[in-house]
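Note sheet for the following structure.
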Amino acid sequence: MTFQDLNLNTPLLNALEDLKFETPTPIQEQAFSTIMSGKDVVGIAQTGTGKTFAYMLPILRMLKYSEQKNPRILVMVPTRELVVQVVEEIEKLAAYINVRVAGVYGGVNINTQHQDLLQGQDIIVATPGRLYDLVIRRAVQLKSIQKLVIDEVDVMLDLGFRFQINNILELIPDNRQNIMFSA
Ligand code: AMP
């Protein structure tokens with residue numbers, strides 16, 4: 001199977017071609033149609049298996065252009081490093097798509113992130129605690145979230161993020177699609 005066999009569009013295929021990625025990894029192949037169907041998904045995949053593209057390919061395939069301020073996609077991850085990495089991967093894949101992506105994480109000044117979110121975003125990649133602080137400050141509202149990705153969900157629960165995650169879950173619509181990845 002090649003990426004041509006998935007129901008992708010030209011902007012995504014062109015980005016994959018630039019990256020010289022020809023074949024989907026097994027998790028990418030398996031996750032694509034399930035995520036496209038709108039069902040909740042739990043994927044088991046280690047780092048290095050291409051799991052970021054496994055969820056971002058169908059999400060970007062389905063995302064329509066919008067100028068609305070409130071983000072529609074939320075990706076929660078356990079660490080700052082992972083936020084940076086996931087944002088970079090999304091930017092590569094979205095090279096030919098007009099989509100706004102912001103990464104937010106703790107341990108750095110909150111004001112720049114606050115300003116970023118006020119601009120309006122389509123996709124937010126976040127560690128849960130910092131995201132919650134930004135919601136409390138009214139930098140962002142989560143009521144338009146349609147898809148929630150929790151990456152490394154096993155680590156997220158281990159590290160005692162559960163309380164912070166629950167706070168976020170209370171703020172996002174119940175009828176969202178849930179996409180979870182665990183190692
Ligand atoms: P991840 O598991 O998401 O951390 O991805 C691991 C690395 O593999 C990243 O550098 C990706 O850019 C790369 N990658 C993802 N999908 C593919 C693919 N289908 N073919 C080759 N490399 C890929």
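Any chance you could check the Cα centroid distance between the stretch 88-136 and the stretch 144-183 for me, in angstrom?
Cα centroid of the stretch 88-136 versus Cα centroid of the stretch 144-183: 16 Å apart.
Taking 0.36 nm per intervening residue step and subtracting the Cα-Cα distance, what contour gain separates Thr47 from Asn178 on full extension? If you can, show how the numbers build up before the last one.
Values: separation 131, 0.36 × 131 = 47.16 nm, distance 1.96 nm.
That works out to 45.2 nm of additional length.
In 5 Å bins starting at zero, report the fraction of Cα pairs in the stretch 125-183 per bin as a rounded %.
4, 18, 30, 28, 16, 5, 0
Which FRET efficiency, nearest 0.05, do Val84 and Met62 yield, Cβ-Cβ r, R0 25 Å? Before the final figure, lay out the partial values.
Values: r = 25 Å, r/R0 = 0.98.
That gives a FRET efficiency of 0.55.
Would you mind working out the accessible area per residue for the chain, using a 1.4 Å probe, and quoting it in Å²? Kindly include the intermediate steps, with their values, before the conclusion.
On the way: 9110 Å² over 183 residues.
Ligands and nucleic acids excluded, the figure is 50 Å² per residue.
Cut-off under 26 Å on the C-alpha distance; same-chain residues fewer than 8 positions from Lys20 excluded. Which lysines are left, in chain and number order?
The qualifying lysines are Lys51, Lys64, Lys92.
If the reach is capped at under 20 angstrom between alpha carbons, list the aspartates and glutamates near Lys143, excluding any in the same chain fewer than eight residues apart.
Asp40, Glu67, Asp116, Asp122, Asp133, Glu170, Asp174
Say R0 is 22 Å: what FRET efficiency, to the nearest 0.05, do Glu170 and Asn70 get from their beta-carbon distance? Numbers along the way, then the final one.
Values: r = 16 Å, r/R0 = 0.74.
Approximately 0.85, to the nearest 0.05.
Seen from all sides and averaged, what is the projected area of the convex hull of the Cα atoms in the chain, in nm²? Don't skip to the end; give the middle numbers.
Details: hull surface 38.4 nm².
The directionally averaged projection comes out at 9.6 nm².
Counting only protein heavy atoms and a 1.4 Å probe, tell me what percentage of the stretch 92-183's accessible area is made up of carbon and sulfur. Don't jump to the answer; show the numbers that get you there.
On the way: 2040 of 4410 Å².
Ligands and nucleic acids excluded, carbon and sulfur reach 46 percent.
Just to be sure I understand the model, the point goes 7 Å from the Cα along the line to the Cβ. What's the resulting Asn14 to Gln119 distance in nm?
Roughly 2.2 nm, to one decimal.
The values are calculated or read from the model by the stated rules, or taken from the named source; none is laboratory data. Everything numeric here is computed off the predicted structure, so don't read it as measured data. We place every Cβ from the backbone using ideal geometry, glycine too, and count neighbours over all the protein chains shown. Protein only, heavy atoms only, side chains kept; ligands, DNA and RNA dropped before computing areas. Shrake-Rupley method; radii C 1.70, N 1.55, O 1.52, S 1.80 Å.
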